[in-house]
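**Student:** Pasting a structure here, questions to come.
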Amino acid sequence: MRVARPRVAMSPKAKEPPLKKAKLNGAVWEWQDGKEWRAFNEADTSMLEERYKSLGAKAKFVTTDFSFNKGYDTMYEVNFSKMQQVNTDSKKARNIRRKDDKSSKKASWEWWTDAGDWAQFNEQDNELLEKAFGSGITPFMTKKLSFNVGYDSLYIFDFDVMTQVNSDSGTSRKIQRTVAGGSKIFGHVKGEDDAYADVLLAGKDSDATAGAAKGVTFDLGLSAAFVAAQKKKGAQSLRKQAKAYGPIITKDKHGSKCFDDMLKIEQEFSGEWVVFYHSYSCAAILYEVQAAVGSVLFRFKAEFAGLPRILAHGFKHIPNATRMLEEFPKWPDQDHNPAFKAVGLCATSSLLAHDSEAPAKSVFLAGYSVGSLAGVLEKLLGSVGVPKHKIPTLAKDIVKLACDHGLDTSGIPGGKKCKSGRSGHMLQIFLRRELCDRYVYPAFPYGVPDKERDLPLSKYLAEQAPVQGQVRITLNPDVFLRATY
């Protein structure tokens, strides 16, 4: 990996489990039509209520089961935390709501504290955020916050990824909204990077094998005319896409410099390589340790990038995207399935384009997720062959070293929050165009295959503009440990 090198593929749409008939018990589901609210019909209300009760008030899911969607087969994303319904084809978003006579009348807004817990905004700030959220405009910028009196800092709230950024200090915090009538959930809602930590904790001693065992090789070769044409088209993220970083990045000197640098690197490699972006936060220490192990064992260029996956055992069953697509229909929990988390990575295909789940312009400073990594570092060290009696001391030394260099280790016992308040990391992943369709596939949220961009994906990235949308990468260390691929 010079910066980092990934891949893609594609297959049939995952079948959703049959819906149970929900007991409504007075609950009414409505969608916003301009300034008015209109009720969903009985079938759609029943479907939404069943998902709400079975998945919880913070859940997201994708479905084609709305009655108004018969004959169209459009994929809709429903987000109960944001109370939004998004048409994944047109990107049209509508506010939805659940009315229940037994429920409270107000939604509750909270922020993630330095102590590692959720704290409520006061009533004045709660009302301001709820009104802004209801307007459907994001990002929302304001100085009118109770805790900001006398400071006059501009705060930027991004309701797509639920973050709050102080534009003066650059400090980014997670926020969350509990809907009126929703269950009260405190603590961490898992993101992708710490879900990988669960895979490490659940691993067996027999899984303790690190990557690059097969030494696979590929015949590479693109015509000079094709490479020249791609170079002429320029950086993948800038093809028919305005160079607009958004208010969070634009107001941050460091963020703007990083985006400038990433686009320059895109331009440099645009002839023979495709590029993807992966955002993360609390898993940074795991990625760095894996990169260091890869450097020692396999001469991985750790000075250029972290390494998200190094343990080989999961790749014996799912070595590439083609195999992943064969397995995907068997996973009712889609890309939250342990088999995916052991080998797969969620990413986006553009630094600048809109993304319904994790637009790079929004998540760069904060990254994804917050939570405990207790015991995970020790498990990882054991999995790569460190003798048991040396693990406790080595783990403490690694945490101290990470703290000394400003890495956020607040999720690990003995660690602490980074001084900058910017826990986000962005991995820029390059993959040879010839290998794209073998290791990457275009996806909707939750990993559902996106057939429209599967031309295949390599053709879409080479010919279509503007480039946008999520992907799922099978990050096989046999390939991704090598800078040539």
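The values are calculated or read from the model by the stated rules, or taken from the named source; none is laboratory data. Every value quoted in this text rests on a predicted model; they were computed, and no experiment measured them. Because the Cβ atoms are built from the backbone with ideal geometry, glycine has one as well, and the counts that use them run over all protein chains shown. These area figures cover heavy atoms from the full protein model, side chains too; ligands, DNA and RNA do not enter into them. Shrake-Rupley method; radii C 1.70, N 1.55, O 1.52, S 1.80 Å.
**Student:** Please count how many residues of region 453-464 are surrounded by fewer than 21 Cβ atoms within 10 Å (Cβ to Cβ) and in contact (Cβ under 8 Å) with a residue 24 or more places away in the chain.
**Tutor:** Total satisfying the criteria: 3.
**Student:** Okay, moving on. Hey, could you check region 220-247 for residues that are among the aliphatic types (A, V, I, L, M) and in contact with an Asp or Glu (Cβ under 7 Å, 6 or more places away or on another chain) and say which is modelled with the lowest pLDDT? Reasoning before the result, please.
**Tutor:** Of all residues in region 220-247, those among the aliphatic types (A, V, I, L, M) come to 220, 222, 224-225, 227-229, 235, 238, 242, 244.
Those left that are additionally in contact with an Asp or Glu (Cβ under 7 Å, 6 or more places away or on another chain): 220, 222, 227, 235.
Details: 220: 82, 222: 91, 227: 95, 235: 96.
Checking each candidate, the answer is 220.
**Student:** For residue 397, state whether it is part of a loop (DSSP other than H, G, I, E, B) and acidic (Asp, Glu).
**Tutor:** On the way: part of a loop (DSSP other than H, G, I, E, B): no; acidic (Asp, Glu): yes.
Answer is no for this residue.
**Student:** Moving on. Might you check whether a residue that is surrounded by fewer than 21 Cβ atoms within 10 Å (Cβ to Cβ) and farther than 30 Å from residue 113 by Cα occurs anywhere in region 404-427?
**Tutor:** no
**Student:** List the number of the failed condition for residue 391; all other conditions in (1) surrounded by fewer than 20 Cβ atoms within 10 Å (Cβ to Cβ); (2) β-branched (Val, Ile, Thr); (3) modelled with pLDDT under 90 hold.
**Tutor:** Every listed condition holds for residue 391 apart from (3).
**Student:** Select from region 45-65 the residues that are free of Cβ contacts under 8 Å to residues at least 24 places away in the same chain and touching a helix residue (DSSP H, G or I) at 6+ places or on another chain (Cβ under 9 Å) and list them in ascending order.
**Tutor:** 59
**Student:** Mind checking which helices (runs of 4 or more DSSP H) fall wholly inside region 262-375 and carry at least 1 residues that are without any contact (Cβ under 8 Å) to a residue 24 or more places away in the chain and either open to solvent by 30 Å² or more (accessible area, probe 1.4 Å) or not aromatic (Phe, Trp, Tyr) (or both)?
**Tutor:** Numbers: elements: 284-298, 321-327, 338-343, 360-363.
Result: 284-298, 321-327.
**Student:** May I ask you to list pairs of residues, at least six apart or on different chains, whose Cβ atoms are under 6 Å apart, with the first in region 389-401 being closer than 15 Å to residue 418 by Cα and of a type outside the set (Asp, Glu) and the second being open to solvent by 60 Å² or more (accessible area, probe 1.4 Å) and at pLDDT below 90?
**Tutor:** Matching pairs, first to second residue: 399/414.
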